[in-house]
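Step one of this worksheet: look at the structure below.
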Amino acid sequence: MNQSKAVVVFSGGQDSTTCLFWALERYVEVEAVTFDYGQRHKLEVECAAAIADELRAKHRIIDMSLLGQLAPNALTRNDIAIEQQEGALPTTFVDGRNMLFLTFAAVLGKQIGAKHIVSGVCETDFSGYPDCRDVFVKSLNVTLNLAMDYPFVLETPLMWLNKKETWELADRLGAFDFVRERTLTCYNGIMADGCGECPACVLRRKGLDDYSAVRIRGVLS
Ligand SMILES: [Zn+2]
């Protein structure tokens with residue numbers, strides 16, 4: 001067990017919940033941080049609070065409503081459809097969102113004496129979000145250390161995992177059923193297996209199917 005503290009950027013979805021389990025296993029003290037940026041579905045914030053409570057992780061909700069003001073997007077506005085034109089970023093992309101989340105988490109981290117900042121960003125099932133790439137996270141890590149003169153370590157345990165491997169990691173952490181039943185990934189705000197049709201559900205479902213096939217074989221053999 002690492003004696004230092006960690007802050008987990010936590011949305012209550014599959015990826016960040018897996019990261020929360022990962023951090024709870026690793027660090028002596030963990031604080032989960034959820035950013036409220038006017039998501040279409042208030043349920044996302046409620047879901048995150050319920051999960052943190054159940055896992056007995058300290059939880060903090062930070063108001064980031066300015067994000068919707070600066071960059072209107074499909075996650076905060078009902079009149080913008082979730083779609084992706086060929087060669088363009090999906091309408092769910094919010095410029096600078098991940099950069100701001102990591103930065104705010106780091107500011108908080110320094111305040112509470114945590115140097116590890118954990119995020120579920122991932123480059124493998126890459127939807128083109130530039131500030132979720134490994135090169136960006138490494139670059140920001142250096143910048144944050146310089147900005148606050150503090151030895152932050154940005155941790156991205158999912159960076160090189162595909163969705164199947166993320167389910168596998170959740171399973172290894174003893175969290176497979178919890179993540180499957182209690183998290184909210186769906187863009188239409190439906191918990192667990194979701195609406196089954198939005199891009200987030202399709203990606204989650206494919207990973208789950210791929211992993212379930214391996215898992216069932218493992219149980220039977
Ligand atoms: Zn969905």
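GNM, the chain, Cα, under 10 Å: largest mean-square fluctuation among Ala32, Ala105, Ala57?
Highest fluctuation of the listed residues: Ala57.
Between Asp193 and Val135, what is the label-to-label distance in nm when each label sits 7 Å out along the Cα-to-Cβ direction?
4.0
Quick check: residue separation of Glu165 and Thr124 times 0.36 nm, minus the Cα distance between them. What number comes out in nm?
Values: separation 41, 0.36 × 41 = 14.76 nm, distance 1.04 nm.
This chain segment gains 13.7 nm when fully extended.
Could you work out the Kirkwood radius for the stretch 1-52, taking every pair of different alpha carbons, averaging 1/r and inverting it, reported in Å? Walk me through the intermediate numbers first.
Numbers: mean 1/r = 0.0884 Å⁻¹.
After inverting the pairwise mean of 1/r, the radius is 11.3 Å.
What whole-number volume per residue, in cubic angstrom, does the convex hull of the C-alpha atoms of the chain give?
That works out to 122 Å³ per residue.
So which aspartates and glutamates pass the test for Lys206, namely a Cα distance under 12 Å, with those fewer than 8 places away in the same chain ruled out?
Of all the aspartates and glutamates, those that pass the test against Lys206 - Cα under 12 Å, at least 8 places apart if same chain - are Asp125, Glu165, Asp193, Glu197.
Give the order of Ile62, Ile190 when sorted by the count of other beta carbons within 10 angstrom, beginning with the fewest.
On the way: Ile62 14, Ile190 17.
Ascending number of Cβ neighbours within 10 Å: Ile62, Ile190.
Once phi is turned into ³J(HN,Hα) by the Karplus curve 6.51 cos²θ - 1.76 cosθ + 1.60 with θ = phi - 60°, what whole-Hz value does each residue of the stretch 130-143 show in order, with x for glycine and proline?
Running phi through 6.51 cos²θ - 1.76 cosθ + 1.60 with θ = phi - 60° gives x, 8, 9, 7, 4, 4, 5, 4, 5, 5, 5, 4, 5, 4 Hz.
Per residue of the chain, what 222 nm ellipticity follows from adding -39500 (n - 2.57) for every DSSP H run with n ≥ 4, rounded to the nearest 500? Provide the component values of the computation, followed by the final result.
Details: 8 runs with 100 residues, N = 221.
About -14000 deg cm²/dmol.
Of Val8, Gly194, Trp167, which is farthest towards the positive pole of the chain's charge dipole, taken about the Cα centre with +1 and -1 on the beta-carbons of Lys, Arg and Asp, Glu respectively?
Val8
About its Cα centre, how strong a charge dipole does the chain have in debye, to the nearest 20, once Lys and Arg get +1 and Asp and Glu get -1 at the Cβ?
Details: 23 positive and 29 negative charges, 76 e Å.
Here the size comes out at about 360 debye.
Structure shown: which of Lys5/Lys138; Lys5/Lys163; Lys110/Lys164; Lys58/Lys115; Lys5/Lys58; Lys42/Lys163 lie over 22 Å apart, alpha-carbon to alpha-carbon? Mind showing how you got there, number by number?
Working: Lys5/Lys138 20 Å; Lys5/Lys163 27 Å; Lys110/Lys164 34 Å; Lys58/Lys115 16 Å; Lys5/Lys58 12 Å; Lys42/Lys163 25 Å.
Where the Cα-Cα span goes over 22 Å, the pairs concerned are Lys5/Lys163; Lys110/Lys164; Lys42/Lys163.
Every number in this text was worked out from the coordinates using simple rules, so none of it is lab data. Just so you know, these numbers come straight off a predicted model, no measurement behind them. No Cβ is skipped: glycine too gets one built from the backbone with ideal geometry, and neighbour counts run over all protein chains shown.
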